[in-house]
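The values are calculated or read from the model by the stated rules, or taken from the named source; none is laboratory data. Since we're looking at a predicted model, the values are computed, not measured. Neighbour counts run over all protein chains shown; Cβ positions are idealised from the backbone, glycine included. What goes into the accessible areas is simple: the full protein's heavy atoms, side chains included, and nothing from ligands, DNA or RNA. Shrake-Rupley method; radii C 1.70, N 1.55, O 1.52, S 1.80 Å.
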Amino acid sequence: MEETVLQLHINHKDLAPEKLKVIENIRKKEDILTGKNILVVDDDVRNLFALTTVFERYNINVITAESGKEAIHLLSENQGIEMVLMDIMMPEMDGYETTQKIRREHKNSLLPIIAITAKAMKGDRQKCIEAGASDYITKPLKIDQLLSLMRMWFYK
């Protein structure tokens, strides 16, 4: 919402009170992401480190997995995971297969899973959604865009 207001050159003070409160809470860092448990699945430790560093600034609890198998194990062991950020391109079990297994084996249709892919090809978004992802974002990640997307899924 904040990005849209900025792009449309709307004075945020002209917004409805409930919309204004959402933007103000984000700026105060007292937003919906504070204290959330996010599972980040990526085979590249540099990406895991970068996202963990960013999320710590927002008081987001990060759990990391370097493979699809590890992610599935962590989900079965930890019932407190509230969202998954899933890299699509991983060796052995890719993000598509991992997402399908999470949906099938854990019967968890409410868990938001955001697919992250480096190679944005035509039809990738649809393929991710068909595999069971809730949403889709491409690399290189724009952190503000990712945080907005995450907030959107928690507000739903």
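Points to keep in mind about this one:
- Within segment 107-150, considering residues that are at pLDDT below 90 and on the phi > 0 side of the Ramachandran plot, the one least open to solvent (accessible area, probe 1.4 Å): 123
- Residue check: residue 70 meets all listed conditions (1) at pLDDT 95 or above; (2) touching a strand residue (DSSP E or B) at 6+ places or on another chain (Cβ under 6 Å) but one, namely (2).
- Filter pass, residue 104 being assigned to a helix (DSSP H, G or I) and open to solvent by 40 Å² or more (accessible area, probe 1.4 Å): yes
- Pairs linking a residue in segment 30-52 that is modelled with pLDDT of 95 or more to a residue that is of a type in the set (Gly, Ala, Ser) and part of a helix (DSSP H, G or I), with Cβ atoms under 8 Å and 6 or more positions apart or on different chains, are 39/71; 41/68; 41/71; 41/95.
- Evaluation of residue 153 against the conditions (1) crowded, with 18+ Cβ neighbours inside 10 Å; (2) closer than 15 Å to residue 39 by Cα shows that the sole unmet condition is (1).
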